[in-house]
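Written below as structure tokens is the structure these notes are about.
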Amino acid sequence: MRAEVEAKLSAASRGALRRLAGARAIGPYRLRRRQIAQLLSVYLDTPGLALARRGIALRLRRERGRWELTAKWSGRVSGSLHERPELTMRMRRRPSFPFAVPRGRVAHALGGLGPRQPLQPVLITRIRRTKIDVTRAGAIPSHPFAEMALDEVVLLGPGPRRRGSTYREVEVELLRGEAAEVQRLAELLCLEFGLRPATESKFSRGMALWYGLRVPERQGLAQRAPREHKSCARTAGTSPPAPDSSARSRA
């Protein structure tokens, strides 16, 4: 289990994302644009939405032809800063539906909603993501403390008549260091690029749109994550230990 720590910000227009994509610095931070990726995410649940009601997002994601499975639990939200436990595993083959969670850490963490429970797509997102490395002034460019993602998101419901809803957001994920630094960067992005703090994940936003369901984003409103990560027990805004960046994946 690792702790994902990131700031989520909403962008009112495509122009704001374009201006940010062209920036080379903001305050004391240096920005290095890396690549543009096309992501397909498929969120899974039971017919009764048992996972979502417990504050769990179970997501299959395809990037560059490779699939991975990620489970995320409710965590802590303070302004734009989100902290939550997650588990990710790579898929050996293209998934099929109904989907059975492969045996392993994710299935174990989900408990009774593991391999024996067939799961179906309940929400789909298509994302055009611009990835940007963020380093402190004077630091080695190859050692960013955060990764910024400029996302153009299309939310789709399952089935043939899946009309989409489009919006834009910026995510800043902590790779090493302190959460407070991500929060400072988020404040600069709001001031200089007109972004606004976002309290909802892509999953919770989509579930509210398609099903009228409010997914619990904070622990205490839903089942706690199994074997809670020690950094999730801290108050939002304090400095958690640097999370493992070996499985970087966002909702």
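The values are calculated or read from the model by the stated rules, or taken from the named source; none is laboratory data. Just so you know, these numbers come straight off a predicted model, no measurement behind them. Backbone-built Cβ (ideal geometry, glycine too); neighbour counts: all protein chains shown.
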Query raised in the report: Within the group Ala37, Ala109, which residue is touching a residue at least 60 places away in the same chain (Cβ under 8 Å), assigned to a helix (DSSP H, G or I) and on the phi < 0 side of the Ramachandran plot?
Result: Ala109
Report task. From (1) modelled with pLDDT of 95 or more; (2) surrounded by fewer than 15 Cβ atoms within 10 Å (Cβ to Cβ), pick out the condition that doesn't hold for Asp151. Result -> (2)
Query raised in the report: So, of the residues in the stretch 187-196 that are surrounded by fewer than 23 Cβ atoms within 10 Å (Cβ to Cβ) and in contact (Cβ under 8 Å) with a residue 12 or more places away in the chain, which turns out to be farthest from the chain's Cα centre (by Cα)?
Result: Glu192
Report task. Quick one: which residue in Pro95, Pro102 is touching a residue at least 12 places away in the same chain (Cβ under 8 Å), more than 16 Å from the chain's Cα centre (by Cα), part of a loop (DSSP other than H, G, I, E, B) and within 27 Å of Tyr167 (Cβ to Cβ)? Result -> Pro95
**Report entry** Qualifying position, being closer than 30 Å to Arg136 by Cα and in contact with an Asp or Glu (Cβ under 9 Å, 6 or more places away or on another chain), among Ala25, Ala16, Ala52, Ala7
**Finding:** Ala7
Requested in this report: From Ala37, Ala50, Ala71, grab the single residue that is among the aliphatic types (A, V, I, L, M) and over 30 Å from Arg184 (Cα atoms).
Outcome: Ala50
**Report entry** Test result for Thr199, touching a helix residue (DSSP H, G or I) at 6+ places or on another chain (Cβ under 6 Å), of a type in the set (S, T, N, Q) and surrounded by 15 or more Cβ atoms within 10 Å (Cβ to Cβ)
**Finding:** no
Report summary line: Here the residues within the stretch 56-69 that are in a strand (DSSP E or B) and either on the phi > 0 side of the Ramachandran plot or surrounded by 21 or more Cβ atoms within 10 Å (Cβ to Cβ) (or both) are Ala57, Leu58, Arg59, Leu60, Arg61, Leu69
Query raised in the report: Has the stretch 219-235 got any residue that is buried (at least 18 other Cβ atoms within 10 Å of the Cβ), at pLDDT below 95 and in contact with a His (Cβ under 9 Å, 6 or more places away or on another chain)?
Result: no
